[in-house]
Amino acid sequence: MKHTWFKTTLALAIGAISTHSLGNGIAINEQSVSGMGTAFAGRASSAQDATTLFGNPAGLSKLKRAEAVGGLGVVKANVDIDDASADSSEGDMVPTAGVPFAYYASPLNDDWHYGIGLYVPFALISDYEKGFGGRYKGQYSKVEVVTLQPTLSYRINERVSVGFGPTFNKIKGKLVSKLNDGAVGGNGDTEIDIKGDDTALGFNAGVLVDITEQLAWGLTYHSKVDYTLEGRTRVTGGEGPVFGRFNGDYDAQLDFTTPEMLDSSLTYQLDEQWTLYGGATWTRWSRLQAITVHNQGTPSLLGMQPIGEVSEEMNWQDTWSYAIGAAYQLNPQWLLRTGFALDASPAANDNRTVRIPVGNRKVFAVGAGWSPTADMTLDLAYSYLHESDAKVDQHATKIAGVDVGPGYSATYKNSAHGVGMQLTYRF
């Protein structure tokens, strides 16, 4: 049986994973600062350093020596909430957060390369003020997905290379929402606090082709990953004859799948100084049509059966994102970069929520690589992200005709600044 009053509070993963990183939907892009400088244009075809292990595993075949890469991307989001249907926060709901990554890669011989990478493909911390008007639809979210990827690449011939790496993924999250206890004989709000985690396997695979000496094409496939998150649902603050019966902890389980992505790009060496990049990424967001949470041990309510299964509709759609970029070799020490990207939102106005109030994005990026020696490169990048207005219109949640979760509507005007630093050392 589906019960609408409880469904928003139990969206453990999907509503919590992503808001204002440099990728849309529930994805983030901060796995490479050298790639960030061109707005990730050419990510599947450029193979600039060991971060290609994520961008295209086949790119390891381009590395001449062993190298280690470590870096950090930092995102600062700005959120303005206008035309809110209820008293609302000022919009400062996404704390500044860092996204670290690390890679190591080395040749085995002329044809085989290996590497290992540790990065974050999905993450979010969102924290609305206590008086946020949409707290009954979502107040606090924190999710981290960390991936470890060992990888092999093989050079088939002088022009074609392939690469493959299994991914070992760990997801954990926390989600907090409120219910209006005062509407059913209580006093104040009841808090629903959910925590869960899981580990799962996936893979990344790619092919890299030197079409000519100047033009390279790459194709990367990031597989779906199926999770079964297990944890608990904790209900506190409930008073009166209704929510007072729910105080306590309950076992919870949620099946959730991150979608597959296909990234294709071109890199063109125009001359000794200029390199041009272009790419497109398809993401199968349509996998996220609904989520269902299973709970154990919940009591019956007003004669209804125990709440064992709850569901929330998502109705997301597949998207394409596009990026173009350029790099200019100023001198042997300095490489300058710039890029521009368009990234569509998978959520339309009819199904956008306060947890993921994202719109269509435009991203402008600049960056630089400084190599004081042949053994070391320091990469820096800055990105500015601007979104089209994102409208949220969530309906009231009712039980026995009583409004226990008031509806909420607002217009979100989002932007973000991203900065990154990456150090590469070659052995």
Handout entry: Theoretical ellipticity at 222 nm over the chain - DSSP helices of four or more residues, -39500 (n - 2.57) apiece, nearest 500
Key = -500 deg cm²/dmol
Completion exercise
Here, Asn187 and Thr292, labelled 7 Å along Cα→Cβ, have an inter-label distance in nm of 4.1
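Given the Cα-Cα distance of Arg245 and Trp282 and 0.36 nm per residue of separation, how much length would full extension add, in nm?
Details: separation 37, 0.36 × 37 = 13.32 nm, distance 4.64 nm.
So the chain would gain 8.7 nm between Arg245 and Trp282.
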Exercise for the section: Determine the gain in length on full extension of the stretch Thr228-His386; use 0.36 nm per residue of separation and subtract their C-alpha separation, reporting nm with one decimal. Expected result: 53.5 nm
Practice task
Could I get the Rg over Rh figure for the chain? Both from C-alpha atoms, Rh via Kirkwood, rounded to two places.
Solution key: 1.03
Exercise for the section: Sum up the charges of everything whose Cβ sits under 9 Å from the Cβ of Asp210, counting Lys and Arg as +1 and Asp and Glu as -1, but leave Asp210 out. Expected result: -1
Fill in the blank from the handout: Under a Gaussian network model of the chain whose springs join Cα atoms within less than 10 Å, the largest fluctuation of Ser46, Ser177, Ser371 belongs to Ser371
Handout entry: Placed amide H near Gly138: partners under 5 Å, 5+ positions off or other chain
Key = Lys178
Exercise for the section: Could you work out the mean projected area of the convex hull around the alpha carbons of region 92-151, in square nanometres to one decimal? Expected result: 5.3
Practice task
With springs only between Cα atoms under 10 Å apart, run a GNM on the chain and tell me which of Ile291, Ile211, Ile81 wobbles the most.
Solution key: Ile211
Practice task
Positive end of the charge dipole of region 4-426 (Lys, Arg +1 and Asp, Glu -1 on Cβ, about the Cα centre): tell me which of Val79, Met314, Pro57 has its Cα farthest that way.
Solution key: Pro57
Fill in the blank from the handout: Subtracting the Cα-Cα distance of Trp320 and Asp375 from 0.36 nm times their residue separation yields 16.1 nm
Handout entry: Test item: Cα-centred dipole of the chain, Lys/Arg +1 and Asp/Glu -1 on Cβ, debye
Key = 280
Practice task
Please tell me the relative contact order of region 80-218 in percent, rounded to the nearest whole number, where contacts are Cα pairs under 8 Å and at least six residues apart.
Solution key: 18
Completion exercise
Measuring from its Cα centre, region 136-233 shows a charge dipole (+1 at each Lys and Arg Cβ, -1 at each Asp and Glu Cβ) which, in debye to the nearest 20, is 60
Handout entry: Solution diffusion estimate, µm²/s, Stokes-Einstein, region 172-225, Kirkwood Rh from C-alpha pairs, 37 °C, viscosity 0.692 mPa s
Key = 202
Fill in the blank from the handout: For the chain, the charge dipole (Cβ of Lys, Arg +1; Cβ of Asp, Glu -1; about the Cα centre) points to a positive end, and the Cα of Leu108, Thr220, Phe164 closest to that extreme belongs to Leu108
Exercise for the section: Please give the direction-averaged projected area of the C-alpha convex hull for region 173-300, in square nanometres with one decimal. Expected result: 11.8
Practice task
Mind jotting down the three principal axis lengths of region 72-196 based on Cα atoms? Whole angstrom, largest first.
Solution key: 73, 28, 21
Fill in the blank from the handout: GNM on the chain, Cα springs under 10 Å; top mean-square fluctuation among Asn414, Asn109, Asn78 goes to Asn109
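Could you work out the equivalent-ellipsoid semi-axes for region 44-113, taking the square root of 5 times each eigenvalue of the Cα gyration tensor, largest first, in whole Å? Don't jump to the answer; show the numbers that get you there.
Working: eigenvalues 370, 29, 10 Å².
One finds semi-axes of 43, 12, 7 Å for region 44-113.
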Completion exercise
Under the Karplus relation with 6.51, -1.76 and 1.60 and θ = phi - 60°, whole-Hz ³J(HN,Hα) for region 147-164, x at Gly and Pro, equal 10, 10, 10, x, 9, 10, 10, 9, 8, 5, 7, 5, 10, 10, 10, 10, x, 8
Practice task
For region 4-426, build the charge dipole from Cβ charges (+1 Lys, Arg; -1 Asp, Glu) around the Cα centre, then report which of Gly196, Ala68, Thr353 sits farthest towards its positive end.
Solution key: Ala68
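Every read-out reported here was derived from the displayed coordinates using simple, explicitly stated rules and does not represent laboratory data. Note that the structure is a prediction, hence the values are computed from the model and not measured. With ideal geometry, Cβ positions are generated from the backbone for all residues, glycine too; neighbour counts draw on all protein chains shown.
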